[in-house]
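What follows is a single structure, written as structure tokens, with notes after it.
The values are calculated or read from the model by the stated rules, or taken from the named source; none is laboratory data. Values in this document were obtained by computation on a predicted structure and should not be read as measured data. Here the Cβ is made from the backbone with ideal geometry for all residues, glycine too, and neighbour counts use every protein chain on show.
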Amino acid sequence: MVKIGNIELSDFPLLLAPMEDVSDPPFRAVCKENGADLMYTEFVSSEGLIRDAAKSVQKLDIFEYERPVGIQLFGSDVETMGSCAEIASRVNPDLIDINYGCPVKNVACRGAGAALLQDIPKMVKMTESVIKSTHLPVTVKTRLGWDDNTKNIQDVAERLQDIGIKALSIHGRTRVQMYKGAADWSLIAKVKENPRITIPIFGNGDIDTPEKALEYKNTYGVDGIMIGRATIGNPWIFNEIKHYLKTGEKLPPPTMEQRVDVCRRHLEFSIRWKGPVAGVFEMRRHYTNYFKGLEHFKPYRMRLVEAPTFDELDSILKEISNDYSEMVC
Ligand SMILES: Cc1cc2nc3c(=O)[nH]c(=O)nc-3n(C[C@H](O)[C@H](O)[C@H](O)COP(=O)(O)O)c2cc1C
């Protein structure tokens, strides 16, 4: 069993990666129903949260059925990050995660996210400040380093473990790489192999099939895998991987009826969370993902993104289920 502080997970947990504009409560709900073992909120700006900005506060919405769930914070100011850990802890997540991996300009060029990989003493101070400000386990998500010349993940892992983080998720790319090239898990494996490291090490980057999950589990020896992009429009990947790890056999791909059912659940959760108007509106960006690769789908998509109510959407979804029922996904 893998433990993060006192949170007990399975032997080889599968984590839903934090993803801005993706891993909100409705999406997390369908990932949970399809096998995710630990999930994170989208990243929450500490600058926004400290000023009570609506967008940041809303990201603190978590629900009992999601547990265990972590709130992820990012920021550039040590004190503010501490204060925000305290604020986030009040909504009682299972853990607080710190983002030291975000490569995008708006974040990394303002001294937050992956920028901290260029200033390890500050990263250590920030992490201490967060740990001191919460009773919850604190975890970190980061990358291998800033660029090819500064792949300092070994040092980062030891120093952060020494001050008390309870797990580390590593995306096998540098900041400069952004999302280019293949993720390199060999340095993640080195962190895991370091005899000084006792906290769980989760590997992240490019896992998109059950076969790859098994291969990377065996090759790199990580304690679990965090999955991001491959879950989008495809949340059943968690159970597919679990089944494959357990039996060595692949589950059949979801039928069209199952795809439609998960999409409908997502819509229901969206409406439950945001109400009938905003819930329907926010769901619009997800239909393309759920029905990727379907021939002649455009007219259905147009109707899905225009339909104003659940009932209308439900009847279009039923039509899709019928019209594409023969299709193997
Ligand atoms: C749309 C999108 C949003 C993301 N937002 C976040 C975020 O809020 N916090 C974070 O730590 N990483 C974020 N990431 C990075 C992912 O968590 C993950 O590290 C990355 O996608 C690599 O994993 P994958 O190859 O399984 O997708 C985001 C990635 C994507 C594609």
How many residues does the stretch 83-112 contain that are in a helix (DSSP H, G or I) and in contact with a Gly (Cβ under 6 Å, 6 or more places away or on another chain)? 1
Give the number of residues within the stretch 206-215 that are surrounded by fewer than 24 Cβ atoms within 10 Å (Cβ to Cβ) and outside any helix (DSSP H, G or I). 3
If you go through Leu60, Leu73, the only one that is within 16 Å of the ligand (Cβ to nearest atom) and either buried (at least 24 other Cβ atoms within 10 Å of the Cβ) or not assigned by TED's automatic domain parsing to the domain that holds Pro121 (or both) is Leu73
Does the stretch 286-293 contain at least one residue that is within 16 Å of the ligand (Cβ to nearest atom) and under 30 Å from Leu168 (Cα atoms)? yes
Hey, among Leu136, Leu117, which residue is assigned to a helix (DSSP H, G or I), more than 12 Å from the ligand (Cβ to nearest atom) and not hydroxyl-bearing (Ser, Thr, Tyr)? Leu117
Residue under question is Arg28, and the condition is that it be within 15 Å of the ligand (Cβ to nearest atom) and either touching a Cys at 6+ places or on another chain (Cβ under 8 Å) or charged (D, E, K, R) (or both); does it hold? yes
Any residue at all in the stretch 31-43 that is more than 17 Å from the chain's Cα centre (by Cα) and away from the ligand (no atom under 13 Å from the Cβ)? no
Would you check which residues across the stretch 180-214 are within 16 Å of the chain's Cα centre (by Cα) and more than 12 Å from the ligand (Cβ to nearest atom) and list them? Ile201
Within the stretch 105-136, residues being without any contact (Cβ under 8 Å) to a residue 12 or more places away in the chain and either hydrophobic (A, V, I, L, M, F, W, C) or buried (at least 22 other Cβ atoms within 10 Å of the Cβ) (or both) number 1
